[in-house]
Amino acid sequence: MTDSQSKNNNPAGSEVVSSGRSKLPQAPGAGLPSAGVAAQSAFIGKPVRVERAYEALATMIRDRILSGELAEGDRIPSETALAREAQVSRSTVREALRTLEEAGLVARASPKIMVVQRANDERANSELQGALRRNNVTFHHLHEALLVLDPELTRLAAMRADATGIARLVANLAAQAEHLDDFGAWSELDHEFHLAIADMSGNPVLSMAWRPISDLLQPVLQTFMTRPELTQRGLDFHRRILEEIEVRDSDAAALMARKHANDLRATWEQAGLNFELRIGDEVGLSGVTPPVGHR
């Protein structure tokens, strides 16, 4: 075969090698060791999200409220004024204000006037209680949660207690002693005692986790706190917890809180109550003999 014949048989200009086989044409950049692999791997790591206009506007107003720049009672500009300043539609403004209203940061003083509202955790607490009920929470579940949260909150309270917090507990126990026969009032004071300890812990995460659990349990326990010996037993537990807090013995305080929670389970079962009873199903228990203990 002549050189001219070889060229004619390779119209693409492929290189002839000694084996008589020709290489296929390569794309530009082919054969580089890792460039192609790197280009195919994740470079950004997550998709780009474009924030909606109403979310951006709500965030701007929320930041001013939470920073204290806007105080409780301050009036929010009208929808028209906000739309003009933010250069968005009124529907966008309405959606932003609705978001803030649902978060409890603003409230309507009238159909057309919205004002800043003091932020509080009541809405979140109520929603958490609703979520617990929807998930068929039982007394067993609540007791297990108390065993985790109550001792640790009490431990932290003993470590971080100050004169103001201790005085709050002392006053509460004095009021409990005066209301041993007023079962509704005593149950409220009992709830306030545990709430004070949660506040004294200085840990808002644990405190917020504990609050809906205690709020769910309190009405049920109040149903059974109908004898003075029951309220007296609860008061005795509270006094022993306070004693350990006053001397800053965090381990002893946590241990007493655990005994207090376990006393609830023991007396509950001694009363013949179903520990797997769902919250919301306890309305028919008013005729059951009350347990002898309390949390």
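The values are calculated or read from the model by the stated rules, or taken from the named source; none is laboratory data. The structure displayed is predicted, hence computed values, not measured ones. In this analysis, Cβ positions are derived from the backbone assuming ideal geometry, glycine residues included, and neighbour counts consider all displayed protein chains.
Quick look at the numbers
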quantity	calculated
Unmet criterion (only one of (1) over 18 Å from ALA257 (Cα atoms); (2) within 19 Å of the chain's Cα centre (by Cα); (3) not basic (Lys, Arg)) for ASP182	(2)
Cβ-Cβ under 7 Å pairs, at least 6 apart or on other chains, the stretch 81-101 side under 15 Å from MET114 (Cβ atoms), far side exposed (fewer than 13 other Cβ atoms within 10 Å of the Cβ)	ARG90/THR80
Hits in the stretch 29-84 (condition: hydroxyl-bearing (Ser, Thr, Tyr) and either modelled with pLDDT under 90 or over 28 Å from ALA103 (Cα atoms) (or both))	SER34, SER41, SER67
Contacts under 9 angstrom Cβ, first residue in the stretch 141-153 being within 9 Å of TRP210 (Cβ to Cβ), partner charged (D, E, K, R), 6 or more apart	LEU146/ARG295; ASP150/ARG258; ASP150/ARG295
So ASN120, is it under 18 Å from ILE279 (Cα atoms) and at pLDDT below 90	no
Residue match in the stretch 86-93 (condition: at pLDDT 90 or above, at positive phi, outside the structural domain of SER207 (by TED's automatic domain parsing) and out of contact with any strand residue (DSSP E or B) (no Cβ under 6 Å at 6 or more places or on another chain))	yes
LEU156 out of contact with any helix residue (DSSP H, G or I) (no Cβ under 7 Å at 6 or more places or on another chain) and over 30 Å from ARG227 (Cβ atoms)	yes
Residue ranges of helices (runs of 4 or more DSSP H) in the stretch 149-268 with at least 3 members of a type outside the set (Gly, Ala, Ser) and closer than 30 Å to ALA131 by Cβ	183-200, 204-224, 228-246
Residues located in the stretch 206-257, provided they are within 17 Å of ILE166 (Cα to Cα) and among the β-branched types (Val, Ile, Thr)	ILE241, ILE245, VAL247
Cβ pairs under 7 Å, 6+ apart, first in the stretch 272-286 and at negative phi, second in a loop (DSSP other than H, G, I, E, B) and modelled with pLDDT under 50	LEU273/VAL288
Search result, residues across the stretch 212-240 that are farther than 16 Å from LEU195 by Cα and of a type in the set (Phe, Trp, Tyr)	PHE224
